[in-house]
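Okay, structure first, notes after.
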Amino acid sequence: MATLHTERLELRPWRRDDVDFVFDLYSRWDVKRYIGREPRVMEDRSEAVALLDRLVSFDDPVQGYWAVERTVAGAGAGQLVGTILVKSIPASGPAEPLEPSGDIEIGWHFHPDSWGMGLASEAAAAVLAHAFAGGLERVVAVTNPLNLASRRVCERIGMSHEGQTDAYYNATCELYVAVGGSR
Ligand SMILES: CC(C)(COP(=O)(O)OP(=O)(O)OC[C@H]1O[C@@H](n2cnc3c(N)ncnc32)[C@H](O)[C@@H]1OP(=O)(O)O)[C@@H](O)C(=O)NCCC(=O)NCCS
């Protein structure tokens with residue numbers, strides 16, 4: 001997985017020693033409340049260890065789970081702020097686990113201490129550009145209709161709003177689409 005750089009950020013592979021940040025991030029209701037059909041927070045550090053086990057072994061030249069770290073000198077430099085993911089999105093359906101839809105999604109989970117600074121949009125734009133440079137033709141993002149901050153990130157990185165869809169995750173979501181070459 002490629003390490004990416006933006007003006008204020010480094011986007012790098014996850015490491016097992018990021019466990020404290022991952023547990024802090026996903027144990028917060030503010031972060032988890034719009035993620036998944038039945039959101040729940042992490043309650044035990046072992047859940048963060050298990051998640052990181054999966055993330056560090058995910059290996060793909062274009063898709064990935066990036067750890068996002070601040071690089072600007074001064075307060076906050078070297079601090080983890082969140083994650084951007086590019087991965088296969090599951091289709092709605094009766095199967096458990098859900099079958100892949102054939103589409104690829106981009107997503108973002110950031111720590112509340114870092115919200116409102118444009119960091120998610122900055123990181124997501126870089127990952128989307130990387131995805132298209134790596135050959136993806138179409139990337140979707142789905143959000144809970146009430147998740148206005150996430151919808152705004154979709155808009156800020158140039159994704160088109162295509163209304164609501166029930167096609168993924170057995171949930172009604174707002175659908176945003178980006179097509180390579182059209183941005
Ligand atoms: C969605 C999320 C990643 C945004 O992170 P962020 O770093 O604050 O994002 P940015 O600063 O790049 O942009 C956020 C935009 O949303 C806007 N916004 C934030 N809260 C908002 C709200 N309640 N209503 C409307 N707009 C809102 C901000 O003003 C900003 O837009 P602007 O720059 O045009 O003013 C962050 O809120 C998060 O991690 N949430 C929890 C996880 C989550 O829900 N992920 C998405 C799952 S689909």
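Name the longest site-free stretch of the chain, where the excluded sites are GluC sites (Glu not before Pro) in a DSSP loop with no more than 13 other beta-carbon atoms within 10 Å. Don't skip to the answer; put the middle values down first.
Details: sites that count: 7, 43, 137.
The longest uninterrupted stretch comes out as 44-136.
Compute the length gained on full extension between residue 115 and residue 15: take 0.36 nm times their separation in residues and subtract their Cα-Cα distance, giving the result in nm to one decimal.
So the chain would gain 33.7 nm between residue 115 and residue 15.
Viscosity 0.890 mPa s, temperature 25 °C: Stokes-Einstein D of region 10-88 from its Kirkwood Cα radius, in µm² per second? Intermediate results must be reported in sequence, preceding the final value.
Details: Rh = 13.5 Å.
In µm²/s, the coefficient rounds to 182.
Quote the relative contact order of region 51-183 in percent (integer), defining contacts as alpha-carbon pairs under 8 Å separated by 6+ residues. Could you put the intermediate results ahead of the total?
Details: 219 pairs, mean separation 27.6, N = 133.
Across region 51-183, relative contact order equals 21 percent.
Could you pull out every residue, at least 5 positions away or on a different chain, whose amide H is within less than 5 Å of the one on residue 14? Hs are placed 1.01 Å off N in the peptide plane, and Pro or chain starts have none.
67
What residues have an amide H closer than 5 Å to that of residue 118, excluding those fewer than 5 places away on the same chain, when H is modeled at 1.01 Å from N in the peptide plane?
none
Give, as a single signed number, the net charge of other residues whose beta carbon lies under 14 Å from the beta carbon of residue 175, with Lys and Arg counted +1 and Asp and Glu -1.
Working: positive: 138, 151; negative: 103, 105, 155, 162, 166, 174.
Net charge around residue 175: -4.
In what sequence, largest accessible area first, do 24, 18 appear using a 1.4 Å probe?
Numbers: 24 55, 18 10 Å².
From most accessible down to least: 24, 18.
Output ³J(HN,Hα) for region 118-126: one whole-Hz value per residue in order, computed from phi by the Karplus curve 6.51 cos²θ - 1.76 cosθ + 1.60 with θ = phi - 60°, and x for Gly and Pro.
x, 6, 5, 5, 4, 5, 5, 4, 5
How do 111, 161, 130 rank by accessible surface area computed with a 1.4 Å probe, from largest to smallest?
Values: 111 10, 161 90, 130 35 Å².
The residues order as 161, 130, 111, largest area first.
Just how large is the dipole of region 35-129 about the Cα centre, in debye to the nearest 20, putting +1 at every Lys and Arg Cβ and -1 at every Asp and Glu Cβ? Write down the numbers at each step before the final one.
Numbers: 6 positive and 14 negative charges, 50 e Å.
Dipole magnitude for region 35-129 comes out near 240 debye.
Using 0.36 nm per residue of separation minus the Cα-Cα distance, give me the extension gain between residue 170 and residue 59 in nm, one decimal. Working shown, then result.
Working: separation 111, 0.36 × 111 = 39.96 nm, distance 2.69 nm.
Fully extending the segment from residue 170 to residue 59 adds 37.3 nm.
Treating the beta-carbon of each Lys and Arg as +1 and of each Asp and Glu as -1, no other charges, what is the dipole magnitude of region 4-179 about its Cα centre, to the nearest 20 debye? Mind showing how you got there, number by number?
Numbers: 17 positive and 26 negative charges, 66 e Å.
Charge dipole, region 4-179, about its Cα centre: 320 debye, nearest 20.
Quick one: what do you get for region 4-179 if you divide its Cα Rg by 2.2 N^0.38 Å? Before the final figure, lay out each step's value.
Numbers: Rg = 15.6 Å, N = 176, 2.2 N^0.38 = 15.7 Å.
Dividing the Cα radius of gyration by 2.2 N^0.38 Å gives 0.99.
Could you give the length gained by full extension between residue 98 and residue 160, i.e. 0.36 nm per residue of separation minus their alpha carbon distance, to one decimal place? Walk me through the intermediate numbers first.
Details: separation 62, 0.36 × 62 = 22.32 nm, distance 2.56 nm.
This chain segment gains 19.8 nm when fully extended.
Residues with beta-carbon under 11 Å from that of residue 42, excluding residue 42: net charge, scoring Lys, Arg +1 and Asp, Glu -1? Show your work: numbers first, answer last.
Working: positive: 28, 32, 40, 45; negative: 24, 43, 44, 47.
My count for the surroundings of residue 42 gives 0.
The values are calculated or read from the model by the stated rules, or taken from the named source; none is laboratory data. It should be emphasised that the depicted structure is a prediction, and the values quoted were computed from it without experimental measurement. Virtual Cβ from ideal backbone geometry, glycine too; neighbours counted across all protein chains shown. Each accessible area value is taken on the protein alone, full model and side chains, heavy atoms only, with ligands, DNA and RNA left out. Shrake-Rupley method; radii C 1.70, N 1.55, O 1.52, S 1.80 Å.
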